[in-house]
Amino acid sequence: MHELARFVCDERPNLRHRWWVKALLAETHPDWVEWKTEQAMRDVDQQIAELHQLWDQEQAKAQAPVITEAAPDGSKAQQLLGGELRIRAPWSPE
């Protein structure tokens, strides 16, 4: 109701000074503030959830080790087992 009254007052500014409009705005203001706060907190909660999801995805990518395999050098052991296997942290240089 408060939003509607404010919208009408924005469209027709001469109504803003009427006693019944002032009384309506004064009466509905506390409920409007509570509703607006709930809406803002719901938006903040949604943004926090999105940030946590993004951070979890970034953390999963950032902490994955880098695994590389070198080509076999021709020895019998490497022919049987394959080339040299290297594992390193993603933040360290090669």
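Read the figures in this text as sums done on the coordinates, not as results from a lab. Please read all numbers here as calculations on a predicted model, not as lab measurements. Reconstructed Cβ throughout: ideal geometry from the backbone, glycine too, with neighbour counts over all protein chains shown.
Choose one of I48, A60, L81: the residue whose Cα lies farthest towards the positive end of the charge dipole of the chain (beta-carbon charges +1 Lys, Arg; -1 Asp, Glu; about the Cα centre).
Result: I48, furthest along the dipole toward the positive end.
Set the Förster distance to 41 Å, then compute FRET efficiency between E84 and K61 from the Cβ-Cβ distance, nearest 0.05.
Details: r = 26 Å, r/R0 = 0.62.
About 0.95, to the nearest 0.05.
Using a cut-off of 15 Å between beta-carbons, work out the net charge of the residues near A71 (Lys and Arg +1, Asp and Glu -1, A71 not included). Could you put the intermediate results ahead of the total?
Values: positive: R86; negative: E69, D73, E84.
Summing Lys and Arg as +1 and Asp and Glu as -1 gives -2.
Starting from the 7 Å offset along Cα-to-Cβ, what nm value, one decimal, do you get for the label separation of D43 and R18?
3.0
Provide the packing ranking of 57-68, 23-34, i.e. peptides ordered by the mean count of other C-beta atoms within 10 Å per residue, highest first. Provide the component values of the computation, followed by the final result.
Numbers: 57-68: 9.9, 23-34: 12.5.
Descending mean neighbour count gives 23-34, 57-68.
Give me the log10 of I(q) over I(0) for the range 1-44 at q = 0.29 Å⁻¹, as the Debye formula computes it from C-alpha points; what are the numbers?
-0.96
Which residue fluctuates most in the GNM of the chain (Cα springs below 10 Å): L80, L51, L15?
L80
Distances longer than 23 Å among the Cα atoms of the chain: what percent of all pairs is that? Mind showing how you got there, number by number?
Working: 2799 of 4371 pairs.
Value for the chain (Cα pairs over 23 Å): 64 percent.
Spelling out what I want: for every residue of the range 55-61, take phi, set θ = phi - 60°, compute 6.51 cos²θ - 1.76 cosθ + 1.60 (Karplus), and round to whole Hz; glycine and proline get x.
Values per residue, Gly and Pro as x: 5, 4, 5, 5, 5, 5, 6 Hz.
Among residues other than W20 whose Cβ falls under 15 Å from its Cβ, what is the net charge (Lys/Arg +1, Asp/Glu -1)?
On the way: positive: R6, R12, R16, R18, K22; negative: E27.
Here the count lands on +4.
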